[in-house]
Every structure is written in structure tokens, then in C-alpha cells.
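Here is the structure we will look at.
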Amino acid sequence: MKLIFEESQPGRQGFQVPKSDVPISASVPAKYRRKVDAQWPEVSELEVVRHFTKLSQRNFSIDTQFYPLGSCTMKYNPRFTESLASLPTFANLHPILPQLPDGEQLVQGALQVIYEMEQLLCEMTGMDAYTMQPLAGAHGELTGVMMIAAYHQAKGNKKKYIIVPDSAHGTNPATAAIAGYETISIPSTPQGLMDLNQLKSKINGDVAGLMMTCPNTVGIFETEIDKIAQMIHDVDGLMYYDGANLNAVLGRCRPGDVGFDVMHINTHKTFTTPHGGGGPGAGPVGVRKNLIPYLPISRVVKKSDGAFGLDYNYPHSIGYVASFYGNFGILLRAYAYILMLGKEGLVQTTNHAVLNANYMMHRLKELYELPYDRVCMHECVLSASRQAARGVHALDIAKYLIDQGIHPPTIYFPLTVKEALMIEPTETESKKAMDQFIDVMIQVDRLSQENPEMFSKCPQTMPISRPDEVRAARDLDTNYFLQNSKASASAKKSHLIQSLV
Ligand SMILES: *Cc1c(COP(=O)(O)O)cnc(C)c1O
């Protein structure tokens with residue numbers, strides 16, 4: 001496929017920009033001013049449409065393919081919430097719409113959405129208050145751990161460590177480190193749970209808190225949370241619940257009821273909103289009463305006359321963690337989804353997420369090693385160790401699946417499982433879609449016995465087969481195609497391309 005610059009033909013155009021009638025400001029130094037016109041590709045509207053439509057078809061997407069990428073919950077987002085969020089009355093709101101002379105905020109409807117969303121999340125999770133500002137799950141974690149730090153600072157506690165079990169999501173230890181803590185890792189038992197004896201031996205007065213991913217990254221629900229919480233609270237530590245995957249327990253268990261002090265939710269895994277890929281996303285953070293003073297400002301409040309306003313009077317607040325109210329459009333989608341499904345509907349999505357993952361696990365464990373043989377939650381972790389013994393590793397299976405039109409599961413994660421295949425069908429997939437995937441996995445196992453060499457050539461249907469991943473990461477060259485495709489050789493010489501690079 002060519003670059004849009006290579007499609008360029010002098011004189012073609014799809015859109016005419018009027019000549020600028022704004023004088024060039026003398027305040028822009030001459031060295032920053034353009035000396036030649038911007039060298040945009042010259043293409044017709046139809047060429048632009050075809051080019052970008054073709055590009056989009058090279059993507060894997062939930063709209064086109066099964067996407068069982070464990071830990072990521074790549075589920076279908078109903079179009080209803082999309083159309084609601086694009087209503088001009090919401091989409092055209094500006095966060096600094098002026099206040100009325102009496103201080104009243106003009107954005108009453110938007111504030112009401114944020115306020116009511118906070119109430120709904122409190123009810124669902126047993127927390128006492130929420131901030132909607134964080135822009136993703138990991139950002140929510142950082143917000144939560146910063147509040148833990150503020151809590152200890154206010155009490156004069158000298159704390160150094162955050163405990164993180166080895167079954168935690170990778171963002172947990174990263175968050176603790178960025179917030180200035182050292183981490184203590186706790187190994188898992190052969191059952192995939194946190195080892196309480198290890199925990200007991202490592203707890204001390206310098207422990208600021210514990211971060212628990214639950215269900216953990218092997219898809220299992222920790223069974224002794226009350227004991228763990230007691231041990232942490234005994235040293236005035238706080239319990240952080242990584243609720244990114246709350247779609248596994250929603251309506252069944254509330255983190256606030258079992259000893260957690262602070263938690264985040266990924267709206268893109270639990271409810272419905274597009275995955276950020278770095279943004280926009282949302283990771284609302286809930287706290288129990290003891291952490292309310294440290295919540296980010298501003299807080300949306302309901303006044304005695306029923307109007308909504310903003311409260312900045314939180315002297316111990318950790319401050320803003322995002323501009324204004326966070327990603328409002330994303331929160332709106334999640335809010336609409338919650339109201340659309342209602343209590344029963346949400347519980348049913350949890351049931352489906354867990355049922356689907358267990359169905360997958362039971363069908364596949366005949367052929368694939370199952371490291372933790374017990375009921376799983378929203379995802380299951382299998383191992384390709386039997387296939388690897390025949391020369392077909394988790395990576396080879398992933399590449400083969402691409403050729404079969406299936407997005408690979410998460411591989412080599414969690415790190416605690418060799419040749420890990422982490423499969424998350426999500427609640428929106430049908431039995432038929434799962435059966436098709438299972439059939440392909442049965443075929444993989446058969447081929448690993450009959451023709452293991454074949455896998456090294458996969459994928460064969462993609463523009464690139466197997467990139468040198470180490471080089472791609474260490475020595476990234478985004479112009480690789482440009483320099484290596486024949487069609488580009490002449491184009492590369494033209495200054496069209498020069499202006500691109
Ligand atoms: C996805 C995930 C995160 C990170 O969420 P982002 O929105 O990608 O930052 C954190 N913890 C767990 C358990 C997750 O599954």
C-alpha cells in the first residue's frame with residue numbers, strides 16, 4: 001500500500017483553503033516562519049476516502065474480528081452510547097462556559113451526569129466518594145496512591161513500601177514506584193493466590209499500603225481479602241483495589257464492603273467506552289471516608305436548592321490530576337450504559353463474562369496445559385507448554401491466529417506462567433464465536449504435532465510477517481516502508497517526502 005504522499009498528483013484537490021487574510025505577526029521570529037508552502041499531498045476527495053478506508057481495513061477491530069486479548073476486555077461498545085455522546089448538546093459544551101453572576105454554573109446537565117455517575121459508582125462498589133478526573137486505569141492508580149501518600153503525610157506517618165503480589169497487573173508496581181514508594185513483591189501459592197505466610201513475614205510499620213488486582217492476572221478471585229486487609233490495616237496501611245476488570249465481580253461483591261480503602265474502575269473494561277490507546281479514557285477513583293479530604297479538586301456538589309456546583313474547598317486535596325472534569329464524553333458513555341442496563345442487566349453482563357471465560361477454559365484444557373485448575377473469573381490463563389515441547393511456542397500460536405482472522409490472546413503474561421496464553425472472550429461474544437475460536441485452537445494443537453515447522457512462516461496474510469521486535473523497539477524507524485518499498489524509491493527523492501521527514 002502506498003503512502004498518501006505517493007498518491008499525490010500536482011493539481012488534484014479535494015478541498016480549497018481560502019487565502020489567509022491575517023497578517024503575519026511580527027512576534028513570530030523569522031527563523032520559525034515557513035519559507036516554502038506546506039507540501040501537502042495533492043489528492044481528490046475520493047482518493048482520500050479510498051486511501052483511509054483501505055488503511056482502516058488493515059486494522060484488527062472488534063467491529064470485524066474476535067479479539068480475546070486477555071486483561072484488555074476488548075468487548076463490543078453498543079452504538080447507542082456513541083450516538084448519545086455525540087449529541088450536539090453534549091459534544092459542543094465548553095468546560096469554561098461562564099458562570100452566572102450569582103456563581104451558578106451554566107453546565108448544569110453535564111454536572112448532573114458527573115454527580116449521578118459518582119452516586120451510581122458508590123452504590124456499585126461500596127465506596128463513599130469518587131473523582132471522575134483520571135484519564136485511564138493507570139492514571140487512576142497513580143491518583144489513588146497519591147491519596148494514600150497524602151493520607152500518611154497528613155498523619156505524620158513515615159512510610160516507604162507498597163506491597164504488590166506477583167499476580168498484580170504490571171501497572172501496579174509501576175504506579176507505586178512513580179508515586180515514590182519501593183515495592184515489596186509477594187509470590188503466589190500453587191493455587192494462584194497471594195501467599196499469606198510470605199505476606200506476614202514481609203509486613204512492617206513502613207508499609208503504606210497494598211495494591212491488589214482482583215480478580216488477579218491469572219483470572220482468580222483472592223479468597224482471603226478480609227485477612228489481608230486486617231493485616232495491612234493493623235500497621236495503618238491502606239488497601240488499594242485495582243478494579244480495572246470490575247466486569248468480573250460487578251453486582252456480586254463490593255470492594256468497599258471487604259476492606260478496601262481506595263480503588264479505580266476502567267470504564268473501558270467494566271462499562272462501555274472505547275479503549276484509549278493512551279486516551280481518551282477514564283479511570284474513576286473511589287475512596288472510603290478516610291480519604292475524602294485528599295480527593296482531586298474540583299468536586300461536583302449538589303446544593304440545597306438542587307442546583308449543581310463546583311467545590312474547591314479541599315485544603316488537603318492532591319490538586320487537579322486532569323484538566324477540568326476528566327474526559328466527559330467517555331464518562332457520559334459509561335453513564336448511559338449503566339442506566340441502559342440497570343441493576344439486573346449489569347449483573348447479567350458479569351455472569352456472561354465469567355461464564356464465557358469458564359466455557360473457554362473447560363473446552364481448551366483438554367489440549368492446553370491449565371496451570372490453575374479452578375473456576376476462573378472474566379478470563380482464563382492457559383499455557384502452551386505442551387505445544388512448545390513440539391517447537392510451537394505461544395508466539396507462534398499468536399502469529400498463526402492472525403492468519404485465521406483472530407486477534408491473538410495476550411501472550412507471555414502473566415509472567416508467573418510459562419508460555420502463557422491469557423484468553424478473555426468478554427461478555428459480548430456469542431457461543432458461536434467462541435466455538436469458532438476453540439476449533440482453531442484444536443487445529444493449532446493438531447498442527448503442532450503434524451507440521452510444527454509451518455508455524456515459523458506465520459503470519460502470511462499480513463503486510464509484514466515477523467518484524468525483528470527487538471530492533472523495532474530499540475531502533476524504531478517509522479520510514480522503514482518508505483525506504484524499502486520499490487514504489488517509494490523515486491518518491492523518496494522528491495521534496496514531498498523530504499517535507500514529511
Ligand atoms: C487494563 C488494566 C490496567 C490499566 O488500565 P489503562 O486504562 O490501560 O491504563 C490496570 N490494571 C488492570 C488489572 C488492568 O487490566
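The values are calculated or read from the model by the stated rules, or taken from the named source; none is laboratory data. Because the structure is a prediction, the values reported are computed rather than measured. Positions of Cβ are backbone-derived with ideal geometry, glycine not excepted, and every protein chain shown enters the neighbour counts. With ligands, DNA and RNA removed, areas are computed over all heavy atoms of the protein, side chains included. Shrake-Rupley method; radii C 1.70, N 1.55, O 1.52, S 1.80 Å.
So how much accessible area does R79 have, in Å² to the nearest 10, using a 1.4 Å probe?
Surface accessible to solvent at R79 totals approximately 120 Å².
Which shape class, rounded, prolate or oblate, goes with region 121-178 when its Cα gyration tensor gives a ≥ b ≥ c as root eigenvalues, a/c under 1.5 marks rounded, and past that a/b bigger than b/c marks prolate?
Oblate shape, in that a/c is at least 1.5 and b/c is the bigger or equal ratio.
Pick out, in residue order, every one of the GluC sites (Glu not before Pro) in region 300-377 that is DSSP loop and has at most 14 other C-beta atoms within 10 Å; say none if there are none.
Here the sparse-neighbourhood loop sites are E366.
Counting Lys and Arg as +1 and Asp and Glu as -1, each charge on the Cβ, what is the dipole of the chain about the Cα centre in debye, to the nearest 20?
In debye, rounded to 20, the chain gives about 1180.
List the pair-distance distribution P(r) of region 353-457, using every Cα-Cα distance, as the percent of pairs falling in each 10 Å bin from 0 up to the bin containing the longest distance, rounded to whole percents.
All Cα pairs considered, the percentages come to 16, 52, 29, 3.
Contour minus end-to-end for R390 and S304, with contour as 0.36 nm per residue of separation and end-to-end as the Cα-Cα distance?
23.9 nm
May I ask which residue of G309, A229, L135 lies farthest towards the positive end of the charge dipole of the chain, with charges of +1 (Lys, Arg) and -1 (Asp, Glu) on Cβ and the Cα centre as origin?
Selected residue: L135.
Using a 1.4 angstrom probe and counting only protein chains, how large is the accessible area of K2 in Å², to 10?
100
So what is the 222 nm mean residue ellipticity for the chain from helices alone, if each DSSP H run of at least 4 adds -39500 (n - 2.57) and you divide by all residues, rounding to the nearest 500 deg cm²/dmol?
Calculated at 222 nm, the ellipticity per residue is -11000 deg cm²/dmol.
When the label point is put 7 Å from the Cα of Q443 along its Cα-to-beta-carbon vector, which residues of region 64-84 have a backbone N closer than 19 Å?
64-69
To the nearest 10 square angstrom, what accessible area does V207 show with a 1.4 Å probe?
The value for V207 is about 0 Å².
If you place +1 on the Cβ of every Lys and Arg, -1 on the Cβ of every Asp and Glu, and leave all else neutral, what size is the dipole of region 2-133 about its Cα centre, to the nearest 20 Debye?
Here the size comes out at about 980 debye.
Put +1 on the Cβ of every Lys and Arg and -1 on every Asp and Glu Cβ in region 1-114; which of A85, V22, V43 then has its Cα farthest towards the positive end of the dipole?
V43
Could you list which residues have their amide H under 5 Å from that of M74, counting only those 5 or more apart in sequence or on another chain, with H placed in the peptide plane?
L69
Taking a ≥ b ≥ c as the square roots of the eigenvalues of the Cα gyration tensor of region 99-339, is the shape rounded (a/c under 1.5), prolate (a/b larger than b/c) or oblate?
In terms of gyration-tensor shape, prolate.
Region 159-245: D in µm²/s via Stokes-Einstein (Kirkwood Rh, Cα pairs, 25 °C, 0.890 mPa s)?
My calculation gives 194 µm²/s for D.
I want to make sure I understand the PRE zone here: with the label point 7 angstrom from the Cα of A473 toward its beta carbon, which residues in region 389-420 have backbone N atoms less than 19 Å away?
Residues 393-399, 408-420 fall inside that zone.
Along its three principal axes, how long is the chain when you only count alpha carbons? Whole Å, largest extent first please.
Result for the chain: principal-axis Cα extents of 77, 73, 43 Å.
So which trypsin sites (Lys or Arg not before Pro) in region 260-320 pass both tests, a DSSP loop state and at most 14 other Cβ atoms within 10 Å of the Cβ?
Loop-located and lightly packed - K303.
Count neighbours as other Cβ atoms within 10 Å of each site's Cβ, and list the chymotrypsin sites (Phe, Trp or Tyr not before Pro) in region 42-109 that are DSSP loop with at most 14 such neighbours.
Y76
Return the carbon/sulfur percentage of the accessible area of the chain, one whole number, probe 1.4 Å, all protein chains in place.
C and S atoms contribute 55 percent here.
Jot down the per residue volume, in cubic angstrom and as a whole number, of the convex hull over the alpha-carbon atoms of region 36-124.
Normalising the Cα hull of region 36-124 by residue number yields 248 Å³.
What FRET efficiency, computed as 1/(1 + (r/R0)^6) with R0 = 51 Å and r the Cβ-Cβ distance, is obtained for V258 and E453, rounded to the nearest 0.05?
That pair, V258 with E453, gives E of 0.50.
Based on the Cβ-Cβ distance from Q112 to Q460, what FRET efficiency comes out when R0 is 45 Å, to the nearest 0.05?
Step by step, r from the Cβ atoms, then E = 0.25.
If one computes the Cα centroid of region 241-310 and of region 148-173, what distance in Å separates the two points?
After rounding, the separation between the Cα centres reads 19 Å.
Would you work out the charge dipole size for region 99-339 about its Cα centre, treating the Cβ of every Lys and Arg as +1 and the Cβ of every Asp and Glu as -1, and quote it to the nearest 20 debye?
Here the size comes out at about 180 debye.
At what distance in angstrom do the alpha carbon centres of region 192-206 and region 333-375 lie from each other?
With region 192-206 and region 333-375 each reduced to a Cα centre, they are spaced 30 Å.
Quick one: what do you get for region 217-351 if you divide its Cα Rg by 2.2 N^0.38 Å?
1.16
For Q230 and D128, what is the calculated FRET efficiency with R₀ set at 25 Å and r taken between the beta-carbons, to the nearest 0.05?
Efficiency for this residue pair is about 0.80.
Excluding ligands, DNA and RNA, what is the solvent-accessible area per residue of the chain at a probe of 1.4 Å, expressed in Å²?
Normalised by residue count, the accessible surface of the chain is 50 Å².
Label F15 and A91 with points 7 Å out from Cα along Cα→Cβ: what is the distance between them in nm?
1.5
Spin-label point model (7 Å from Cα, Cβ direction): what's the K365 to N313 distance in nm?
5.7
Could you tell me how far the Cα centroid of region 8-22 sits from the Cα centroid of region 414-452, in Å?
About 51 Å separates the Cα centre of region 414-452 from the one of region 8-22.
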